[in-house]
1. Do we find that Glu302 is not β-branched (Val, Ile, Thr) and not assigned by TED's automatic domain parsing to the domain that holds Thr330 in this structure?
2. Checking Gln106 against (1) in contact (Cβ under 8 Å) with a residue 12 or more places away in the chain; (2) touching a Leu at 6+ places or on another chain (Cβ under 8 Å); (3) assigned to a helix (DSSP H, G or I), which single condition isn't satisfied?
3. Do you know which residues across segment 313-336 are assigned to a helix (DSSP H, G or I) and surrounded by fewer than 14 Cβ atoms within 10 Å (Cβ to Cβ)?
4. For Leu310, all conditions in the list (1) among the hydrophobic types (A, V, I, L, M, F, W, C); (2) touching a residue at least 24 places away in the same chain (Cβ under 8 Å); (3) surrounded by 19 or more Cβ atoms within 10 Å (Cβ to Cβ); (4) out of contact with any Pro (no Cβ under 8 Å at 6 or more places or on another chain) hold save one; what is the number of the exception?
5. Does Ala292 fit the bill of being touching a His at 6+ places or on another chain (Cβ under 9 Å) and either under 20 Å from Gly267 (Cα atoms) or crowded, with 17+ Cβ neighbours inside 10 Å (or both)?
6. Kindly indicate whether Gly85 is at positive phi, more than 16 Å from the chain's Cα centre (by Cα) and at pLDDT 95 or above.
7. Would you be able to say whether some residue in segment 21-33 is buried (at least 21 other Cβ atoms within 10 Å of the Cβ) and among the polar types (S, T, N, Q)?
Amino acid sequence: MQAPELTLAAAIRDANAKRTEARHKAIRSMAPAFLVEIDKPGPRWKATAGHEDADAIISALFGALAQHEDIPLAALAAIGLGMLGEPDVLDAIEPWVELEGSEDEQSFRRECAVITTGYVGVAAKDGQDAHARACHRRVIERLTTWFDSAFPDVRFQVALALVDVDGSPSEPALAKALRTEDHPEVREALVDALSRLDTIGEGSIKALRDVLDDEEEGPDSLGFEAAMVLAGAHEPCAAPRLLDALGVRHQRDRALEALAVLGPSAGESASARVTALARGLLTRGVTRVRAAYALARILGDEDNEGHALLRTLRWHPSAAVREAVADAQTNLAALG
C-alpha cells in the first residue's frame, strides 16, 4: 500500500471538490488514509465497520464509482473499495471485464476490475464470518472463469490475483493456463504466479519444462524464470538454463542462488563453471561469495573447495563481502 497523499479528514473533505485533480487525489487517498489511521494493512474485510467515518468514506467511494463519465475516478474508487474489503463493489465492476476495445480507457477499467476483485478476495480470505467465506469462494470462481477472457490484459491480472487470493489451491488452474496460453506477457505472469507458491506439483513442473524446451522461450528471459521456479522444486532439468545464465550479468547472482538450491543435482559441469566464478579476481566480490556458497552445496561434502573459498573471502577488503561470507557460512552450518 502506498502512503496516502492526504489525511483521512482531508480526503473526506475533498471527495466532492470542484477541481478534478482535487477529487482524484481525495478518492485515491481515501482507503490508504483510513488504513493508516486505524494502523492496519489492507486489503481488510469490511475495514470501515464500526468506524465513526464509515458512512462518509463508503458514500464517497461508491459515489465516485458511479461517475461513469470520469473513468479514472471510478477506477480509483473501485480499487479503494477493494482495499477496504467492500463486497458490494464486485457486482458494480464485473461488467468492466467485458468492455470491448483496445483503447487505454477500456483496458484500464478491465485491469482495475480484476485487481479490485482480487483485493476483495484477499480481504475475504481473512474474514471470520460466513459472508466472508462465501465471498472468498465467489471471487475464486470469478477469477478462474476470467482465464477464458478474450483480453490478454484481463488474463495477465488474473494470474497474479488468483495466487494472492487462493494460494496453493490455485496451482492447477495456473498450470492449466500456462499450458494453453499463447500471449507472451500473460505467460510471464503465470510463471511469476507459480514462483510465489511454496511448492508446485507435477502439472506445473510439466508446464514449466515445456517453457524450457521451447526453442524461442527456453533461451529467453521466460526460460530463465521457469528454470528458477523448477530449481526451487529441486528439478535437475533447470540446471542447463541456469548455467547459461552465468554468462548474463543481470541473471548471474540469481542463477547462482538457484544452483545452490539444486546442490549436487546441478551436475558435474556446474562445479567447474561455478568454481571459475568463485575464483575470478575480476568477478564482483559478492558474486564470488554466492559462487563459493553454491559450490559448497553442489559438491556436498562437509568441507570442500567451496568452504575453503569462503574462508579465503573472509579476508576480502570489502565489508559487504565479509558480511556476505558470514551469512553464507551461517546458512551452510544450518543446513548441516
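The values are calculated or read from the model by the stated rules, or taken from the named source; none is laboratory data. If you're wondering where the values come from, they're calculated on a predicted model, not measured in any experiment. Positions of Cβ are generated from backbone atoms using ideal geometry, with glycine treated the same way; all protein chains shown enter the neighbour counts.
1. Working: not β-branched (Val, Ile, Thr): yes; not assigned by TED's automatic domain parsing to the domain that holds Thr330: no.
Criteria not met by Glu302.
2. (1)
3. Ala319, Ala320, Glu323, Ala326, Asp327, Thr330, Asn331, Ala333, Ala334, Leu335
4. For Leu310, the failing item is (2).
5. yes
6. Working: at positive phi: yes; more than 16 Å from the chain's Cα centre (by Cα): yes; at pLDDT 95 or above: yes.
Considered against the rule, which asks whether it is at positive phi, more than 16 Å from the chain's Cα centre (by Cα) and at pLDDT 95 or above, Gly85 comes out as yes.
7. Yes, segment 21-33 has at least one match.
Quick grid of which residues meet (1) free of Cβ contacts under 8 Å to residues at least 24 places away in the same chain; (2) in contact with a Phe, Trp or Tyr (Cβ under 7 Å, 6 or more places away or on another chain); (3) among the polar types (S, T, N, Q); (4) assigned to a helix (DSSP H, G or I):
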| site | (1), (2), (3), (4) |
| --- | --- |
| Lys40 | yes, no, no, no |
| His51 | yes, no, no, no |
| Asp55 | yes, no, no, yes |
| Ala75 | no, yes, no, yes |
| Ala78 | no, no, no, yes |
| Asp91 | yes, no, no, yes |
| Glu100 | yes, no, no, no |
| Val114 | no, yes, no, yes |
